1. Give the residues of region A:116-144 that are free of Cβ contacts under 8 Å to residues at least 40 places away in the same chain, under 12 Å from A:Val98 (Cα atoms) and crowded, with 17+ Cβ neighbours inside 10 Å, sorted by residue number.
2. Output the number of residues of region A:162-209 satisfying the condition of being within 16 Å of A:Ala130 (Cβ to Cβ) and among the acidic types (Asp, Glu).
3. For region A:78-91, which positions are away from chain B (no Cβ under 14 Å) and either touching a strand residue (DSSP E or B) at 6+ places or on another chain (Cβ under 8 Å) or buried (at least 16 other Cβ atoms within 10 Å of the Cβ) (or both)?
4. Scan region A:1-32 for residues that are over 13 Å from A:Leu52 (Cβ atoms) and of a type in the set (Gly, Ala, Ser) and jot them down.
5. Any chance you could count how many residues in region A:32-60 are assigned to a loop (DSSP other than H, G, I, E, B) and either more than 14 Å from chain B (Cβ to nearest Cβ) or within 16 Å of ligand 1 (Cβ to nearest atom) (or both)?
6. Determine whether A:Gly69 is away from ligand 1 (no atom under 16 Å from the Cβ) and surrounded by fewer than 17 Cβ atoms within 10 Å (Cβ to Cβ).
7. It is to be established whether one or more residues within region A:357-376 are more than 27 Å from the chain's Cα centre (by Cα) and of a type in the set (D, E, K, R).
8. Inside region B:34-142, counting only strands (runs of 3 or more DSSP E) that do not spill past its ends, which hold 1 or more residues that are surrounded by fewer than 23 Cβ atoms within 10 Å (Cβ to Cβ) and of a type in the set (Phe, Trp, Tyr)?
Amino acid sequence: MALTALDIYKKLPQTNCGKCGFPTCLAFAMQLANKKASIDDCPDVSDEAKELLESSAAPPIRLVKVGTGDNEIEMGDEVVLFRHEKTFYHPVAFALMVDDDSPDIESKVQPVEEMRFERVGQELKLDMIAIRSKSDDPAKFSSAVFTVKEKTSAPLMLISQNPAVIEEALKVCGSDRPIIHAATKDNYEKMAELAKSSDCPLAVLGDAGLEELAELSKKVKEAGVEDIVLDIGMKPLGKMLQELTLIRRFAIKKLFRPLGYPIIMFTQGEGLSEGLEVALGTMKYASIVVMKETDRSFVYPLLTLRQNIYTDPQKPIQVQPGIYDLNGPDETSPVMITTNFSLTYFTVAGDIETSRVPSYLLVADAEGLSVMTAFAADKFTADTCAELIESCGIDEKVNHKKIIIPGQVARMSGKLNENSGWEVLVGPRDSSGLPKYLREYSGQ
Amino acid sequence: MPLELPKEKWTGKIGEVVIGALESEGGTRTSKVVLGGATSLPFLSFEGEYPNEPPIGMEIFDVVREDYPEVARKPFEDVIDDPGKWAKKCVEEHGADMICIRLIGTNPEEENRSVEDAEQTIRELKEAVGVPLLVYGSGDEEKDAKVLEMASNVLAGERCLLGLAEEDAYKSISVASMANDHGIVAFSNLDINLAKQMNILLTDFGVKLENIIMDPLQAGLGYGLEYSYSVIERIRLAAFMGDKILQVPILCGTARVWNAREAFKEDASLGEAGSRAILWEATTALSALMAGADALLMRHPDAVACVRESIKGLTGGGEQ
Ligand code: B12
Ligand code: SF4
């Protein structure tokens, strides 16, 4: 629970000296509670009070950074349980699991480096590589880490409960801020030391329940490690969901610090079951999901789910309104119109590109709504379309006055013709019909 | 020191709606399903009841059009022109808990199948399978009035669900459902207020709340899933916080996945179309469950199988 002004007041010197710029300690405490002042402004505050206040001001889930430079991944720092309450900020990282004794490590990790999807204007990809020491041999593990590091720049996770194995691997990649996985109740002292000296995040593994996990994370923190990631271990799916949910609630509703960290989850199943585990983790509070499968048909739907869940509910993904040139148009090229919802724009633009017919696509500002939704909400109407045609300057680019509208809004054609003076042609309902339609159009 | 778990103490409970009537109850069904009954968010048995595993119904059509996606067609290639056989295959080979037939072919602007033809289809379906049935019209208000009245009578005593009741078309379907004590599916599109309004309209008209199932529109993955996810969560939370009129089970379908080309189009850069589409549908279904759906309607057998497996894993959740 966040501290109240009264809680804070109790910790202040209570001398009302005014050096903080406020007349009384209570006035200052009220400002602090509202996060409108900084504790540093009171010169006489005790160290103990300062620490308490600083820690209560920390976010409920610590922001942990993995990797460095362009590939750095931020995780944690979420503030709600349900996305409609605000938004989810830091998309779950998808990590690929490889074993150090795998004969073809290089080709296994290739997808992380090479597989890229473009979806509604965003680049989607796998984010991390988790290397697991099956050999339990420090030399073998660090050579695997070396191989992976040569091959990709993705952030790493080092998986072994043997501190000697981790220590050796850190010599290869310790400055890249990999996650060390994992500290357990048996090895945490040594692991915490390694994490501290290399300044790397440390995962704590407590599969015997949240109590043990919280104990362990506390001990690791006391040993001086700040960047912690929680692992509840392998559990049946239902148990997994429950513990993931409880951890999130502990952190956000109770500000319970020992569980206020990002969570890591490993898949256990294969094929579709594995896919649904990833989906579950994506929706319900994992910050990293470690998976095995890299087939495109597997990864793409899951990346799409992540994109959906982590879209800000207040802001649909949009493109800039205006004129878009597709396939190198000239003054005779057809002119079409659609809305600025990213999904709509990229679907339509993709279909026009497939047609190879040089075209102009006018994109109307419909507040990021799809054609049908915007039409129903009066944001994509004969009036707004006419206004766009007039103001965007398309009449200077083409020598005709014909505009193709989406088939689903055929109803606006008469009025649009009246308002704009342009001849209105009704295109197909689904833009997948555009290649055929445009080829016929330009053949005319 | 033992941790005190942050449990929610909800006051609301989702009503239970039974679909299907056994012989002893005046029907001919050999199984029935119970939707709803939850007092906790999905699968969180540590803080409440989640008594009924969400059933998975499978969707079939009276008419399958040419543009029906190949991936969804393939598992049923041999039976797809015969709704009875199609349904039988869904139940016997793929364990469907319910069958939903969409009588799209009755639409006057499309195939315009007659009410008599539709009746024949319904009779065959009733004979073919013993699971509970859902019958949806084509969305043409006038025709649906006749088609659903017919379905209500032919299936009298079977305790089915008729759908879809919409804001501007709910009266005749309500009459049809009340006539023979069937349930009704109230559709609203991604709008919690409309979902509520639908239940109010229906109950004002005389439909009992215990006979209503809500369909708040499950958008497909990549096509508005995030809206559905949050709308359903909000509906469910409002119900738990005491909004009686929303304490109604939610039914979600994955139908829209099969309109989203991205899910099943041939495009090597997105991986093999079949497995992509199946995971696409399964993911959409799981998101519905996580948000609060009490029952699912699905199409592809492989997606059904893995979602069912996930449900088993989730309900075997274990104690805290
Ligand atoms: C997600 C969604 C929403 C989201 C908005 C998402 C967004 N950013 O747009 C939310 C929840 C906010 C929403 C709200 C509403 N929605 Co809405 N929504 C949908 C849903 C599920 C998907 C829309 C979508 O993303 N489609 C995908 C995009 C790519 O489609 P598109 O833009 O239409 O583009 C396609 C075609 O139009 C065509 N095309 C597009 N441009 C062009 C250009 C040319 C030249 C050509 C030829 C073709 C072409 O090709 C594209 C690809 O197929 C649809 C149902 C459905 N499955 O379609 C309902 C739907 C569009 N919504 C509908 C309604 C009524 C509404 C609301 C008015 C009511 C309500 N109860 O909420 C509100 C209004 C919004 C407001 N006031 O803020 C109705 C529209 C009914 C109608 N016929 O007018 C629909 C069809 C649902 C239904 N069956 O009732 N909605
Ligand atoms: S400076 Fe410190 S002691 Fe002085 S009034 Fe402000 S809070 Fe109180």
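The values are calculated or read from the model by the stated rules, or taken from the named source; none is laboratory data. Remember, predicted model here, so these are calculated numbers, not experimental data. Please note: Cβ atoms are built from the backbone with ideal geometry, for glycine as well, and neighbour counts cover all protein chains shown.
1. A:Ile129, A:Ile131, A:Arg132, A:Ser133
2. 1
3. So the first thing to find is which residues in region A:78-91 are away from chain B (no Cβ under 14 Å), and the list is A:78-79, A:89-90.
Of everything in region A:78-91, those that are away from chain B (no Cβ under 14 Å) and either touching a strand residue (DSSP E or B) at 6+ places or on another chain (Cβ under 8 Å) or buried (at least 16 other Cβ atoms within 10 Å of the Cβ) (or both) turn out to be A:Glu78, A:Tyr89, A:His90.
4. A:Ala5, A:Gly18, A:Gly21, A:Ala27, listed by residue number.
5. Initially, region A:32-60 is screened for residues assigned to a loop (DSSP other than H, G, I, E, B), giving A:34-38, A:42-46, A:58-60.
From the residues that got through so far, the ones that are either more than 14 Å from chain B (Cβ to nearest Cβ) or within 16 Å of ligand 1 (Cβ to nearest atom) (or both) too are A:34-38, A:42-46, A:58-59.
Total satisfying the criteria: 12.
6. Working: away from ligand 1 (no atom under 16 Å from the Cβ): yes; surrounded by fewer than 17 Cβ atoms within 10 Å (Cβ to Cβ): yes.
Against the criterion (away from ligand 1 (no atom under 16 Å from the Cβ) and surrounded by fewer than 17 Cβ atoms within 10 Å (Cβ to Cβ)), A:Gly69 qualifies.
7. No, every residue in region A:357-376 fails to be more than 27 Å from the chain's Cα centre (by Cα) and of a type in the set (D, E, K, R).
8. Details: elements: B:56-61, B:98-102, B:133-136.
Where strands (runs of 3 or more DSSP E) fall fully within region B:34-142 and carry at least 1 residues being surrounded by fewer than 23 Cβ atoms within 10 Å (Cβ to Cβ) and of a type in the set (Phe, Trp, Tyr), they are B:56-61.
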